[in-house]
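Reading through the structure tokens given below for one structure.
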Amino acid sequence: MKLANSPVTELEVFGRKWFIKRDELLDPQINGNKARKLYTFAAHGFKASTVISYGGAQSNAMYAISALAKSQGVEFVYYAKKLSSLLAASPTGNLKTALENGMNLVELEHSEYGAKIEELLASNEPDTLVIRQGGADEYARAGLKLLAAELNEFARLRNLKNPIAITSSGTGTTAGYLSDYLDFECLTTPCVSDAQFLNGEFERLEVRKKPTILETNDKIAFAAPHPKLLAIHKELLLAGLEFDLIYDAKCWLAIVENLGYFEGRDVIFVHSGGLLGNETQLARYAHKGFF
């Protein structure tokens, strides 16, 4: 697994030039912000025989942890709310690949889920590591510090003008810890919840220098197919790069709706990876009649 030094390329789109930190190229399986957040475990091992995590059934973090656990010969147990009958019968995308990696999936009734997660987070089982949903914990600092060092060096060598780094946010862990170590402004768009949620996570994670938060004009429910996100995704593809439809597409939408904020500044967009998830998300768009 390549842990660092992803390339930076230029992309002409939305009427200007952007620098793209190509973290989707870090590794075929463990890439993007998940590679950065899991860096400590990739570099030094899980130091446990069983790893436990939880979240959505198509989570990018779930897939990344399953790949890392498989490479280290560690058992991976993942808790999720009960699958739909269609997905249970025919797993696709991240779920399919994580199961192929040997992940032990535990399905919970919706009414049981919250209490079980609280129990997991409070547990202290020997030789067992519990990873918060999306990798939102202190151990993620090391990988984000490394990313910040790469971006700081790039900005210095290229003599960037009033630079700004942009990354999409689920839990806000990537943006928060990246901001702490950047020499310049970090901006993020909340893709799971809203600014209030992110600020709460920044407090929990003890982020010292909070990122700038830029939201979209429309309130778009997490992972919900939306015509503006699909249009952004298609325009980026035409420009020459694929980004994920849930996180990066929403972040780019916020950028396009606020282009004046970036005028006269050099911008580095950190690719979040997670492109395997586009398979199932595009299927949802097709099912909803978008194409």
**Q.** Tally, over segment 239-279, of residues that are in a helix (DSSP H, G or I) and either aromatic (Phe, Trp, Tyr) or more than 19 Å from Lys34 (Cα to Cα) (or both)
**A.** 10
Q: Being within 12 Å of Asn60 (Cα to Cα), of a type in the set (A, V, I, L, M) and crowded, with 18+ Cβ neighbours inside 10 Å is the filter here, so list the residues in segment 270-284 that pass it.
A: Leu276
Q) Just to be sure, is Ser59 within 20 Å of Lys37 (Cα to Cα), out of contact with any helix residue (DSSP H, G or I) (no Cβ under 6 Å at 6 or more places or on another chain), crowded, with 20+ Cβ neighbours inside 10 Å and of a type outside the set (A, V, I, L, M, F, W, C)? A) yes
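Here are Asn152, Asn199, Asn159, Asn104: which of them is on the phi > 0 side of the Ramachandran plot, of a type outside the set (Ser, Thr, Tyr) and at pLDDT 95 or above?
On the way: Asn152 fails: on the phi > 0 side of the Ramachandran plot; Asn199 fails: on the phi > 0 side of the Ramachandran plot; Asn104 fails: on the phi > 0 side of the Ramachandran plot.
Result of the check over Asn152, Asn199, Asn159, Asn104: Asn159.
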Q) If you check Glu201 against the conditions, is it touching a residue at least 12 places away in the same chain (Cβ under 8 Å) and either buried (at least 24 other Cβ atoms within 10 Å of the Cβ) or closer than 19 Å to Ala140 by Cβ (or both)? A) yes
Q) Quick one: in segment 211-221, which of the residues that are assigned to a loop (DSSP other than H, G, I, E, B) and out of contact with any Gly (no Cβ under 7 Å at 6 or more places or on another chain) is surrounded by the most Cβ atoms within 10 Å (Cβ to Cβ)? A) Thr216
Q) Only one of Thr174, Thr216 is over 23 Å from Ile131 (Cα atoms) and of a type in the set (Ser, Thr, Tyr); which? A) Thr216
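With respect to Thr9, determine if the residue is surrounded by fewer than 21 Cβ atoms within 10 Å (Cβ to Cβ), touching a Leu at 6+ places or on another chain (Cβ under 9 Å), β-branched (Val, Ile, Thr) and under 30 Å from Ala165 (Cβ atoms). So that I can check it myself, show each step before the final result.
Details: surrounded by fewer than 21 Cβ atoms within 10 Å (Cβ to Cβ): yes; touching a Leu at 6+ places or on another chain (Cβ under 9 Å): yes; β-branched (Val, Ile, Thr): yes; under 30 Å from Ala165 (Cβ atoms): yes.
Taking the combined requirement at face value, the residue satisfies it.
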Q: Could you grab me the full set of residues in segment 179-198 that are open to solvent by less than 30 Å² (accessible area, probe 1.4 Å), under 27 Å from Ala224 (Cα atoms) and more than 16 Å from the chain's Cα centre (by Cα)?
A: Ala195
Q: Take the residues in segment 211-224 that are more than 18 Å from the chain's Cα centre (by Cα) and of a type outside the set (S, T, N, Q), then tell me which one is nearest to Asn258 (Cα to Cα).
A: Asp218
Q. Of all residues in segment 105-161, which are more than 21 Å from the chain's Cα centre (by Cα), among the small types (Gly, Ala, Ser) and surrounded by 12 or more Cβ atoms within 10 Å (Cβ to Cβ)?
A. Ala155
Q: Identify all residues within segment 204-218 that are touching a residue at least 12 places away in the same chain (Cβ under 8 Å) and over 28 Å from Lys145 (Cβ atoms); write none if there are none.
A: Thr216, Asn217
Q: Just give me the residues in segment 12-46 being open to solvent by 50 Å² or more (accessible area, probe 1.4 Å) and part of a loop (DSSP other than H, G, I, E, B), in sequence order.
A: Gly15, Pro28, Gln29
Q: Pairs only if they're at least six apart or on different chains, beta carbon under 6 angstrom, first in segment 253-270 and closer than 12 Å to Ala165 by Cβ, second small (Gly, Ala, Ser); list them, first residue then second.
A: Ile268/Ala165
Q: Run Asp244 past the list (1) over 21 Å from Gly277 (Cβ atoms); (2) crowded, with 21+ Cβ neighbours inside 10 Å; (3) charged (D, E, K, R) and report the number of the one that doesn't hold.
A: (1)
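The values are calculated or read from the model by the stated rules, or taken from the named source; none is laboratory data. Keep in mind that what you see is a predicted model, and the values were worked out from it rather than measured. Virtual Cβ from ideal backbone geometry, glycine too; neighbours counted across all protein chains shown. Note: areas computed on protein heavy atoms with side chains; ligands, DNA, RNA excluded. Shrake-Rupley method; radii C 1.70, N 1.55, O 1.52, S 1.80 Å.
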